[in-house]
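Read the figures in this text as sums done on the coordinates, not as results from a lab. Since the model is a prediction, treat every value here as computed from it, not as a measurement. FYI the Cβ positions are ideal-geometry reconstructions off the backbone, even for glycines, and counts take in every protein chain you see.
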Amino acid sequence: MAGAARIELLIERLAYLTLRELDECGAALIDPAKDQGNKVGKRVKRPSWILAFILAGAFPALAQPVPSAEVQKDLAPTGKLRAAINFGNGVLVQKGPNGEPLGVSPALAAALAKRLGVPIDYVIFTSAGRVFDAAKENAWDIAFFAIEPVRSAEVDFSPPYVLIQGTYMVRKDSALKDVGDVDRPGIRIGVGQGSVYDLYLTRTLKNATLVRNPNGGAMGGIEPFVAERLDAAAGVREPLDDYARTHPDMRVMTGSFEEIRQAIGTPKGRGQAGLAFLHDFVEEMKANGFVADALKRSGQTAPVAPPDR
């Protein structure tokens with residue numbers, strides 16, 4: 001990695017470290033003599049080691065390479081990065097005190113805008129289905145989607161940056177014990193319309209019936225499940241778990257029907273230069289710990305996706 005790019009990376013990482021983590025890092029930087037059992041070793045003072053940490057990555061280069069004009073045209077043709085943010089998936093996005101987007105997806109969007117040298121413009125949606133529909137209207141430049149064959153007709157994807165599970169919630173006394181029990185004649189499943197699990201289950205279910213909630217969202221299946229006394233609700237594990245914790249008559253299945261690979265998407269036809277840049281950006285942010293840090297700060301336990309081989 002070029003020295004200047006390392007400066008940017010190190011500063012980004014430092015910005016997301018807590019003071020406690022800084023102290024822990026400082027405590028680890030001791031004289032070699034102490035490492036060998038010599039009691040004369042001394043802990044490096046915090047200001048010194050932070051400066052040393054930054055300067056160590058700063059050389060030999062001082063200027064970060066600027067993305068090419070072609071990359072900027074592909075990813076931010078209006079001079080700003082319009083990032084579609086879906087409040088329907090609480091694993092990726094949460095609302096701040098003033099309604100601002102927080103979480104791993106907004107953090108990645110802001111970091112990408114900074115890398116491109118353009119302002120960030122969050123375009124807010126309530127479900128992934130509505131984000132996808134807006135791609136045809138040129139409403140956004142990047143969006144945070146689950147990789148799905150149906151969407152690939154309209155959207156080009158980066159490698160995944162986080163993995164989440166699609167599973168079912170049922171009533172505690174339900175005879176349905178595992179995800180394999182659900183696809184039976186007469187079983188009705190609530191699902192958010194246009195969600196990745198709606199698309200996946202539409203393609204794979206052979207016997208059960210989907211009841212779609214037009215509002216979509218990661219918890220979209222819960223509303224018809226409760227209101228219409230359906231047999232199961234399909235959705236993302238984490239929000240289903242949250243709901244079940246406050247509704248003791250519900251339980252979430254331990255298995256999953258789908259591993260959902262969340263990625264950054266761009267409208268089809270934007271250009272290969274931008275797509276290649278996006279690929280490298282996502283891989284870097286996974287490797288340097290940025291994605292893991294953003295998930296941790298937002299209280300999420302979903303795993304970071306493995307490197308793209």
> For the stretch 217-235 and the stretch 141-214, what is the separation of their C-alpha centers, rounded to whole Å?
Replying inline: 12
> What pairs from K172/K206; K80/K296; K95/K268; K73/K114; K114/K296 go past 18 Å between their alpha carbons?
Replying inline: K172/K206; K80/K296; K95/K268; K114/K296
> Taking the highest mean first, how do the peptides 113-125, 255-267 order by number of other beta carbon atoms within 10 angstrom per residue?
Replying inline: 255-267, 113-125
>> Highest mean first, how do 175-183, 162-170 rank when packing is the count of other Cβ atoms within 10 Å averaged over residues?
In response: 162-170, 175-183
> Taking Rh as the Kirkwood radius computed over C-alpha pairs, what is the Stokes-Einstein D of the stretch 165-258 at 37 °C in a medium of viscosity 0.692 mPa s, expressed in µm² per second?
Replying inline: 261
> Looking at the square roots a ≥ b ≥ c of the eigenvalues of the Cα gyration tensor of the stretch 235-309, which shape do they give, rounded for a/c under 1.5, prolate if a/b is larger than b/c, or oblate?
Replying inline: prolate
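How do F145, F281 rank when sorted from fewest to most other Cβ atoms within 10 Å of their own Cβ? Let's see the in-between values first.
Numbers: F145 28, F281 21.
Fewest to most other Cβ atoms nearby, the residues stand as F281, F145.
Rank these for me by crowding, R171, R203, going from fewest to most other beta carbons within 10 Å. Show your work: numbers first, answer last.
On the way: R171 18, R203 10.
Result, fewest neighbours first: R203, R171.
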> Is the shape of the stretch 74-149 rounded, prolate or oblate, going by the alpha carbon gyration tensor and its root eigenvalues a ≥ b ≥ c, with a/c under 1.5 for rounded and a/b larger than b/c for prolate?
Replying inline: oblate
> What is the list of residues in the stretch 182-214 whose amide nitrogen lies under 15 Å from a point 7 angstrom out from the Cα of S256, following Cα to Cβ?
Replying inline: 196-198, 200-201
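Residue separation times 0.36 nm, minus the C-alpha to C-alpha distance between S152 and T78: what's the value? Don't jump to the answer; show the numbers that get you there.
Working: separation 74, 0.36 × 74 = 26.64 nm, distance 2.36 nm.
Contour length minus the Cα-Cα distance gives 24.3 nm.
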> Just the Cα atoms of the stretch 74-213, one point each, no solvent: what log10 I(q)/I(0) does Debye give at q = 0.12, 0.15 Å⁻¹?
Replying inline: -0.57, -0.81
>> Test of understanding: ordering E137, E100, E283 by Cβ neighbours within 10 Å, fewest first, what list do you get?
In response: E137, E100, E283
